[in-house]
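Below: one structure, written as structure tokens.
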Amino acid sequence: MKDQVTTRQNVFKNKNFALLFSGVLVSNIAFMLFNFVMSLYILRISTEAYGAENAPLIQGYYLLVSGIVLLIFMPFGGALADRFNKSRTMYITDYIRGFVILSAGLLIYLTNDPETKILVIFIMAIILGTNSAFFNPAAGSLLKFIVKDDELQQSSSYLNGSRNLQNIIGLIFGGILYALLGIYVIFFICGIAYLISAVTEMFIKYDAKAAVGKMTLKSVLKDIAVGVKYVYNFKPIFVLLMMALFLNFFTVPIFQNAIPYFIEFGLSEETKYLFIESMSIENWYSVIMIAASVSGIIMSIILSRKEPKKRYFKIISKHLMVFVAITVIISTLMCMYYLDILNVNTILISITILLFIMGFSSVGFNVPVGVTIQRTVDAEHLGKVQSVSGVLSQALIPIAGLIAGILISKVGIVSLYIFCSIGVVIVIIWYLSNKYAKEI
């Protein structure tokens, strides 16, 4: 037992894992910082161009475009991840992202026309989404090639913990920098961060075996079909991904659409709110979103010290029920705020606490799922399966963002919270009653 503990504690002595960890850390800090600021900036620039009543709809179109591009190209990214050097794919795409963000920031700085700025943002979103489609499968499937099987849970836990650390750093600096220095500094910092990440990833070395046969469009499409068939035939994983597909459909709009809307058009219009003298609305947005990341880091550390299990259904189910319950509670509280039943300070405190609790359940679900996929999928299919899993779990997110924008603009924000609450309850009931779910 002592030898096992020592091995788990020394995973960072693996040079490749340390490089992967640091590269992903810097890259995802930039990703979180950039997405945090863009969620507010797109509402502000859209309000300037088309009015406050249409701003949520423009935000919905932005999320739709970003998500659809990612989903269209991700299967190709997964197929290529199994054919090319994964670390090379990572640093090439990070170099591209860095230069694109720097160029977009410069173009936005040089124009005063809000419609032109929105056009630049949409073009940038298409390029960044395409890059992510190739980066994500490569990064997600690399872990199995650089750590031992008995280190998968610990390394996966640390990577999940790093994502939450990235969220904290990105959100803290996002709120401060955006409030004090503006959007152009954010573009510069994020672009440079991606370039630094790319340099780090260039030093990752592993035994990259090339796929047999010449790569053609036909062979890539065949690889995609193999990945789809592999996932579909693995019923427990397929059912899990179907649950994630619809759970994301009903929960992501709350965080991508509803909470930024509350900050930009709710909290900003309050004459008084908690710590108004020292905290801007961007700072409060940071605090709210950071809450889940703090608990996520704690949960990642806890899981990294635990032995892997043969079955994860009970653990996954427990965390899912907590996640869904908190989603319903948050929706209920926000509806009460918009109906003038609760004041803004109650909302700020309650949402922060609830998201802190939600962070435990989110990591408690994601780590077992990641370990199961890494442990059970054949190495030669891992990139394809990672991309298919990403597509299946996220396929409806772009549509969800657009529907949320329409509901907010045309019906009202309360309708979105009711819609999401009913949806997550139906999804969790279906999953817990499915016979294949119990085989995880």
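How many angstrom separate the Cα center of the stretch 215-265 from the Cα center of the stretch 128-172? About 17 Å separates the Cα centre of the stretch 215-265 from the one of the stretch 128-172. 3J(HN,Hα) along the stretch 11-18, derived from phi through the Karplus expression 6.51 cos²θ - 1.76 cosθ + 1.60 where θ = phi - 60°, amounts to 4, 6, 6, 6, 4, 5, 5, 4 Hz, with x in place of Gly and Pro. Note on residue 13: aspartates and glutamates with a C-alpha under 14 Å away, same-chain residues under 8 apart excluded, are 151.
Rounded to the nearest 10 degrees, what's the angle between the helix 397-406 long axis and the longest principal axis of the chain, both from Cα atoms, 0 to 90? Around 10 degrees separate the two axes.
Pull out a ≥ b ≥ c, the square roots of the eigenvalues of the alpha-carbon gyration tensor of the stretch 310-440, then state rounded if a/c is under 1.5, prolate if not and a/b is larger than b/c, and oblate in the remaining case. Working shown, then result.
On the way: a/c = 2.41, a/b = 1.76, b/c = 1.37.
Prolate shape, in that a/c is at least 1.5 and a/b is the bigger ratio.
Once the Cα atoms are used to define both axes, helix 183-201 deviates from the longest principal axis of the chain by about 10 degrees.
Mind running the shape call on the stretch 119-175? Use the C-alpha gyration tensor, a ≥ b ≥ c as the square roots of the eigenvalues: rounded below 1.5 for a/c, prolate if a/b tops b/c, oblate otherwise. Let's see the in-between values first.
Details: a/c = 5.87, a/b = 1.51, b/c = 3.90.
The shape class here is oblate.
Between the Cα long axis of helix 217-233 and the first principal axis of the chain there is an angle of about 90°, rounded to the nearest 10. In the chain, helical runs assigned H by DSSP with n ≥ 4 each contribute -39500 (n - 2.57); averaged across all residues and rounded to the nearest 500, the mean residue ellipticity at 222 nm is -27500 deg cm²/dmol.
Each Cα pair under 8 Å and six or more residues apart adds its sequence gap; the mean of these over the residue count of the stretch 103-237 is a relative contact order of 23 percent. From the alpha carbon centroid of the stretch 38-103 to that of the stretch 269-288 is 28 Å. Per-peptide packing, taken as the mean over residues of other Cβ atoms within 10 Å, places 26-34, 309-317 in the sequence 26-34, 309-317 from highest down.
State, as an integer percentage, the relative contact order of the chain based on alpha-carbon contacts under 8 Å between residues 6 or more apart.
RCO, the chain: 29 percent.
No lab work stands behind these numbers, since they all come straight from the coordinates. Values in this document were obtained by computation on a predicted structure and should not be read as measured data. Methodologically, a virtual Cβ is constructed for each residue, glycine included, from the backbone with ideal geometry; neighbour enumeration extends over all protein chains shown.
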